[in-house]
Amino acid sequence: MTRDEIVSVLDRRFAALNGRDVPTLMTVHSADGVVDSPLGGHAAGADAIRKVYDSWLASFPDAQFAVEPPIVDGDRVAQVATVTGTDEGGFMGLAPTGKKFTMPMVFLFTMRDGRIHHERRVYDFTGLLIQLGVLKAKPA
C-alpha cells in the first residue's frame, strides 16, 4: 500500500468512528484482523472487533476523535488522537457516571491487503477512570 492509500483507509476509519458507522468501520479491518486495547481486550476476527466497536459506542455515544497525521513506515503506522466524550452508557459492568472525559490515545496499526490487520490502542485507562469518577486520585 502507498502512504496515500493508508491515509485514506485511516481517514475512512475515523470518519466512520465519529459518525457511529459500524458497517464502514468493519470494512477497514481484515476479516482475520486483531484489535488489542485496554478496554476491549484482545479481539480476534470480525465478530470480536465488531463487539469492541459496539461496546465503545454504547458506552460513549457522543465520543469524537481528533486525529493527527499518521506516521507511516511501510505497512506499519502510528497515529495520535484525542478523544472526548461522556460516559452515558457505562462500561465493564459499571453504571454510567454522566461525566465527560478527554483522553489522548496512540493507535499502532499493521496494514495488510488494503486493510488494518492489527490495531493496538494505547491510552491511560487509569486516567480515564479517574476522570469518570470511578477511581479517586491521591492529591500530589
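The values are calculated or read from the model by the stated rules, or taken from the named source; none is laboratory data. Bear in mind the structure is a predicted one, so any value in this text is a computation, not a measurement. When we count neighbours, we look across all protein chains shown, and the Cβ atoms used for this are built from the backbone with ideal geometry, even at glycine.
Listed here are the residues, each with its yes/no results for (1) closer than 13 Å to F107 by Cα; (2) at pLDDT below 95; (3) out of contact with any helix residue (DSSP H, G or I) (no Cβ under 8 Å at 6 or more places or on another chain).
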{"position": "L10", "(1), (2), (3)": "yes, no, yes"}
{"position": "V22", "(1), (2), (3)": "no, no, no"}
{"position": "V35", "(1), (2), (3)": "yes, no, no"}
{"position": "I49", "(1), (2), (3)": "no, no, no"}
{"position": "V67", "(1), (2), (3)": "yes, no, no"}
Point to revise | L57 under 23 Å from P96 (Cα atoms) and not in a loop (DSSP other than H, G, I, E, B) | key: yes
Review point. Considering A48, A78, which residue is within 16 Å of S8 (Cα to Cα) and of a type in the set (G, A, S)?
Key: A78
Revision key, fill the gap. Residue count, the stretch 62-82, condition in contact (Cβ under 8 Å) with a residue 40 or more places away in the chain, assigned to a strand (DSSP E or B) and either under 21 Å from D113 (Cα atoms) or not small (G, A, S) (or both), comes to 6
Review point. In this structure, does R76 turn out to be at pLDDT 95 or above, farther than 13 Å from W56 by Cβ and within 16 Å of the chain's Cα centre (by Cα)?
Key: no
Practice item. For P104, state whether it is on the phi < 0 side of the Ramachandran plot and surrounded by fewer than 16 Cβ atoms within 10 Å (Cβ to Cβ). Key: yes
Review point. Residues of the stretch 86-101 being crowded, with 16+ Cβ neighbours inside 10 Å and either touching a Lys or Arg at 6+ places or on another chain (Cβ under 7 Å) or among the basic types (K, R) (or both), which ones?
Key: T86, D87
Point to revise | Condition check for D62: closer than 21 Å to G133 by Cβ, loosely packed, with under 13 Cβ neighbours inside 10 Å, out of contact with any helix residue (DSSP H, G or I) (no Cβ under 8 Å at 6 or more places or on another chain) and modelled with pLDDT of 95 or more | key: yes
Revision key, fill the gap. H42 fails exactly one of (1) buried (at least 18 other Cβ atoms within 10 Å of the Cβ); (2) assigned to a strand (DSSP E or B), namely (1)
